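Comments concern the structure below.
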Amino acid sequence: MQTALRYANEECDAQEGGKVTFAPNTVRKIDLTGDGREDYIVDFQDTKCGDRETTYCGTGGCVMKILVTLPDGSEREVFGGYVRSYKIMAPPMKRGAARTIRFDLHGSFCGGFGAQACWKAKAITATPFAFKQP
């Protein structure tokens, strides 16, 4: 978790932006993998670098990281990328099953262009993933 938050400080320092201000909703704790351990969604949408509001956002959305907690208590980043928005889908009927997140991405991830709608869904496990442009 600290590594994900340190990214914000390093990026702001690189842009000589000043002090990083995290929003109260920057870190969200939720069991995504269905193993009973808290996982984390780190969403930099409302994070500010000095007086700049767009350091962590662009036409593809804002930087988002998903970290899952492993059985030994350590954390693994399984996703890091730009996301316009996301929605955690309803919990699966099967107890202990992974949660699915629906990501709103830049249109180029679906073979289109920026403004076009592009949705991708992914069940969150301990396996890292990334969205690729066709």
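So how strong a dipole does region 2-123 carry about its Cα centre when Lys and Arg Cβ are +1 and Asp and Glu Cβ are -1, to the nearest 20 debye?
On the way: 17 positive and 16 negative charges, 127 e Å.
Dipole magnitude for region 2-123 comes out near 600 debye.
Over all distinct alpha-carbon pairs, what is the Kirkwood Rh of region 77-133 in angstrom?
Working: mean 1/r = 0.0816 Å⁻¹.
Hydrodynamic radius (Kirkwood, Cα only) of region 77-133 equals 12.3 Å.
By how many nm would the segment from Thr59 to Ala97 lengthen if fully extended, with 0.36 nm per residue of separation less the alpha-carbon distance? Don't skip to the end; give the middle numbers.
Details: separation 38, 0.36 × 38 = 13.68 nm, distance 3.32 nm.
Value of the extension gain: 10.4 nm.
For Glu10, Glu16, Glu38, what ranking results if the residue with the fewest other Cβ atoms within 10 Å of its Cβ goes first? Working shown, then result.
Numbers: Glu10 11, Glu16 8, Glu38 14.
Least to most surrounded, the residues fall as Glu16, Glu10, Glu38.
Take the Cα radius of gyration of region 1-102 and divide it by 2.2 N^0.38 Å, with N its residue count; two decimals is plenty. Don't skip to the answer; put the middle values down first.
Working: Rg = 14.7 Å, N = 102, 2.2 N^0.38 = 12.8 Å.
After normalising by residue count via 2.2 N^0.38 Å, the value is 1.15.
FYI, it's all coordinate maths here, none of it is from the lab. The model shown is predicted, which means the values in this text are computed figures rather than measured ones. Quick reminder, even Gly has a Cβ in these numbers, built from the backbone with ideal geometry, and neighbours come from all protein chains shown.
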